[in-house]
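Visitor: Can you read through this structure? Questions will come right after.
The values are calculated or read from the model by the stated rules, or taken from the named source; none is laboratory data. It should be emphasised that the depicted structure is a prediction, and the values quoted were computed from it without experimental measurement. Heads up, the Cβs are rebuilt from the backbone with ideal geometry, glycines too, and the neighbour counts pull from every protein chain shown. Remember, those area values only see protein heavy atoms, side chains included, never the ligands or the DNA or RNA. Shrake-Rupley method; radii C 1.70, N 1.55, O 1.52, S 1.80 Å.
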Amino acid sequence: MQRLSPSSPLLTLPGAVSAEGVDEGVAAHYGDLFREQRSLADGSGVVDLSHRGVITVTGDDRLSWLHLLLTQHVSDLPAGQATEALILSANGHIEHALYLVDDGTTTWAHVEPGTQEALLAYLESMKFFYRVEAADRTAEFAVVHLPAGSIAPVPDGAAVRETPYGRDLFLPRADLESYATEHGPAVGLLAYEALRVEQHRPRLGFETDHRTIPHELGWIGSAVHLQKGCYRGQETVARVQNLGKPPRRLVFLHLDGSEVHLPAHGAEVRLAADGPEGRKIGFVTTSVRHHELGPIALALVKRNVPVDAPLLAETTAAAQEVVVEP
C-alpha cells in the first residue's frame, strides 16, 4: 500500500524513531516503549495516527447510500455514535475496513494508510443517482488517538469517534503539532499496537490476507451486522453464519519471553508437538512486546487446531488463548 499522507511533524520531537512499512511517516516510539505503553494504559498521552487515510461523505443520502455498501447497519446511525464497517469482495473477502462517525452533516472515516485512493474509487463507482459526495481529506485532516480515560479536550468542531478503547479525533492537519504538544506526551505507534494486540483487535493488512472473511477475525457484530439488507459479499457471510464454520480463526499468543527476537508478520505457526519442521497450521499476524504481558502476538490458525495445543511461532514457543471460537 502506498503512503499518501505527508510525514508527521511529530517526527521532529526528541527521541522520535520513524515507523516502517505501511506505518512509515509517524513515530514508532519516542525512546521509551514501555513508558509510552504505561501512559496509554493510564489514560494519558496522544497517539499520532496522521498517516491513516481520511474519507468524508456528505449529502442527504449519505447514510442510506453507505448502508447499501457496508457490512454495518448505518442507515439510522445517530450523530456522534462511532461504528466500524467493512467492504467485502463479491466472494466475501475483506477489502476495506472503515472506522466511522457521523457528525450530523458529514460521515467521517479513517482507513488504513494508502487504502483511501482505492476506497474512494470504489465509492465513486457506486454513486449512481444518490445525493452524495465522497472525498479524500487526508491532506487536510490528521487522526489522533486519545486513550480511554484521557481528559484531553476535544477542540470545538472536531469530529470524534468515542469507543471503549478511547477517542479518535479528526483534527485539521495544521493543528496536529500544537495539539500534541499541549496535551501530550506524544506516544508512538508501537505502544498503541501493543494495546491493540492485548485487546484482540484485528487490523486490515495485518490480521487479513487476500482470502480472509469476517468470521475468522471476530468482526461479526462489531463490524458486520447480520440483520441488514443486501451488500456485496453478504451471501458468504450468511452462508458461513448459518451453515458452517470459517476455515481459520484468530488466536492470541503468549510467546516465550526468553527469545530475543519477535516472530515477524507471516511467521509460520506449527503444533509444538510436530517441531519446527512440522506442517504449517497458520501464521503470525502481529507480534509486540507488552509492558505487563511480555512478548505477545495475534495469529491466524486453522479452525480445527485444538484450543489447548502448545504452538511454535517459527522456533518460538507459544501458548494460545481463544479469540474466535472454533
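Visitor: Roughly how many Å² of Asp76 are accessible to a 1.4 Å probe, to the nearest 10?
Guide: Probe radius 1.4 Å; accessible area of Asp76 about 120 Å².
Visitor: Quick one: 3J(HN,Hα) in Hz for the range 142-155, Karplus 6.51/-1.76/1.60 with θ = phi - 60°, rounded, Gly and Pro as x.
Guide: Ordered by residue, 3J(HN,Hα) equals 10, 8, 10, 10, 10, x, 4, x, 5, 9, 5, x, 9, x Hz.
Visitor: Count the net charge of all other residues whose Cβ sits under 10 Å from the Cβ of Ser150, scoring Lys and Arg as +1 and Asp and Glu as -1.
Guide: The answer is 0.
Visitor: At 4 °C and a viscosity of 1.567 mPa s, what translational diffusion coefficient does Stokes-Einstein give for the range 169-257, taking Rh as the Kirkwood radius over Cα pairs? Give it in µm²/s as a whole number.
Guide: Diffusion coefficient, whole number: 79 µm²/s.
Visitor: Amide H neighbours of Thr286 under 5 Å, counting only residues 5+ apart in sequence or on other chains, H built in-plane at 1.01 Å?
Guide: Long-range HN contacts for Thr286: Leu298.
Visitor: Rank these by accessible area, largest first, 1.4 Å probe: Arg38, Arg52, Arg201.
Guide: Putting Arg38, Arg52, Arg201 in descending order of accessible area: Arg38, Arg201, Arg52.
Visitor: Then there is this: Enter the Cα centre distance for the pair the range 125-151 and the range 163-225, rounded to the nearest angstrom.
Guide: For the range 125-151 versus the range 163-225, the Cα centre distance is 14 Å.
Visitor: Report the net charge of residues surrounding Ala134, where surrounding means a beta-carbon distance below 11 angstrom and charges are Lys +1, Arg +1, Asp -1, Glu -1.
Guide: Around Ala134, the charge tally is 0.
Visitor: For Lys228, list the lysines whose Cα falls under 17 Å from its own Cα; do not include residues on the same chain fewer than 8 positions away.
Guide: Straight-line reach from Lys228, under 17 Å: no lysines qualify.
Visitor: On to the next question. Tell me, what is the percent relative contact order of the chain, built from C-alpha pairs under 8 Å that lie six or more residues apart?
Guide: 18
Visitor: Further question on the same structure: Can you tell me which of Val57, Val160, Val22 moves the most in a GNM of the chain? Springs connect C-alpha atoms under 10 Å apart.
Guide: Result for the chain, Cα springs under 10 Å: Val22 fluctuates most.
Visitor: Local charge sum around Gln199 (other residues, Cβ-Cβ under 14 Å, Lys/Arg +1, Asp/Glu -1)?
Guide: -3
Visitor: On to the next question. Longest segment of the chain with no chymotrypsin sites (Phe, Trp or Tyr not before Pro) in a DSSP loop having at most 10 other Cβ atoms within 10 Å? If you can, show how the numbers build up before the last one.
Guide: Numbers: sites that count: Phe128, Phe129.
Counting at most 10 other Cβ atoms within 10 Å as exposed, the longest clean stretch of the chain is 130-326.
Visitor: Test of the criteria: in the range 240-326, which trypsin sites (Lys or Arg not before Pro) are in a DSSP loop and have at most 13 other Cβ atoms within 10 angstrom of their Cβ?
Guide: Arg279
Visitor: With N denoting the number of residues in the chain, provide Rg(C-alpha) divided by 2.2 N^0.38 Å, to two decimal places. Kindly include the intermediate steps, with their values, before the conclusion.
Guide: Working: Rg = 19.9 Å, N = 326, 2.2 N^0.38 = 19.8 Å.
Here the answer is 1.00, to two decimals.
Visitor: Right, next: If I ignore ligands, DNA and RNA and count only protein heavy atoms, how much of His200 is accessible to a 1.4 Å probe, in Å² to the nearest 10?
Guide: 50
Visitor: Viscosity 0.890 mPa s, temperature 25 °C: Stokes-Einstein D of the range 224-287 from its Kirkwood Cα radius, in µm² per second? Mind showing how you got there, number by number?
Guide: Values: Rh = 15.0 Å.
This corresponds to a translational diffusion coefficient of 164 µm²/s.
Visitor: Once every Cα of the range 50-143 carries one equal point scatterer and solvent is ignored, give the base-10 log of I(q)/I(0) from the Debye formula at q = 0.17, 0.19, 0.25 Å⁻¹, two decimals.
Guide: Computed log10 I(q)/I(0) values: -0.67, -0.86, -1.54.
Visitor: Now for a separate question. Note down, for the range 102-143, the three equivalent ellipsoid semi-axes (square root of 5 times each alpha carbon gyration tensor eigenvalue), biggest first, whole angstrom.
Guide: Ellipsoid half-lengths, sorted descending, are 18, 15, 8 Å.
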